[in-house]
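**Q** Take this structure, written in structure tokens, and hold onto it; I'll ask about it next.
What follows is calculated from the coordinates using simple rules that are stated; it is not laboratory data. Computed from a prediction, not measured in an experiment: that's the story for all the values here. Using ideal geometry, Cβ is built from the backbone for each residue, glycine included, and neighbour counts are taken over all protein chains shown.
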Amino acid sequence: MTLPPVPWIPEFNAGGPAVDQLNTMAMALQFVLDRPRFRARRAVTAWTLTEGVNNIPSWDTVDEDNYGGWSAGTPGRYVCQAAGWYQVTAAVSLSGTGAGGLVLIPGIFVNGASPTGVGTVWEGPEMPVPIGGPKTVPAAWSVWLDVGDYVQLNVWYSSESSITATDITPGFETRIELVWDGA
């Protein structure tokens, strides 16, 4: 029978640097247990969109920002505070009743451009919106961010003159979430 390996137990010698070693261990655990997170929505006031162009929402409700990457001075951006891979999830929405042929596309910018190096925005799924159906399209990306990089959500939709604003109904708001996933 093979026994599992014995876990490493820190050794503290009298007069040794125990405090430094404990601080190093605690800081590593604190970061893993409290990794960078950002969640924001457009929930207070509807936001007017322009058809057929890239629209960047300004967040009016920040639900979580434990590393302080959001600023009211640039309300559509989240600035990375810790380098690594991030899981970015988002949903874009429109209010009102759509007509046939409406297409709604979420996308992200990193530092004002596509992180893929192709095109201007990294598009999520291109979803045709059913007539009279919910007009919310979810998307997800894995993206590498360095400290100081900024992420913006993009909303693009096809010509649809009867809809010009985002939905602020709870659960249907335009929103974004970033969670650090590892280095």
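**Q** Please give, to one decimal in nm, the separation of the simple spin-label points placed at Glu51 and Glu126, each 7 Å out from Cα toward the Cβ.
**A** 1.8
**Q** Same structure, new question: So what J values fall out for the range 120-127 if you push phi through Karplus, 6.51 cos²θ - 1.76 cosθ + 1.60 with θ = phi - 60°, rounded to Hz, Gly and Pro as x?
**A** 9, 9, 8, 6, x, x, 8, 10
**Q** Quote the FRET efficiency, to the nearest 0.05, computed for Trp85 versus Thr61 with a Förster distance R0 of 22 Å and r equal to the Cβ-Cβ distance.
**A** With R0 = 22 Å, the Cβ-Cβ based efficiency is 0.25.
**Q** Oh, and also: Taking amide hydrogens as modeled 1.01 Å from N in the peptide plane, which residues meet the under 5 Å criterion relative to Gly76, leaving out close sequence neighbours?
**A** Trp59
**Q** Computed on alpha carbon atoms, what radius of gyration and Dmax characterise the range 36-182, expressed in Å?
**A** When restricted to Cα atoms, the range 36-182 yields Rg and Dmax of 14.7, 43 Å.
**Q** Considering only the other residues whose Cβ falls under 11 Å of the Cβ of Gly112, what net charge follows from Lys and Arg at +1 and Asp and Glu at -1?
**A** Within the 11 Å Cβ shell, the charges total 0.
**Q** Something else now. In nm, to one decimal, how far is the Ser142 label point from the Val179 one, both placed 7 Å along Cα→Cβ?
**A** 1.4
**Q** If you take the beta carbon distance between Ser159 and Asp34 as r and set R0 to 45 Å, what does 1/(1 + (r/R0)^6) give as a FRET efficiency, to the nearest 0.05?
**A** Once rounded, the FRET efficiency stands at 0.50.
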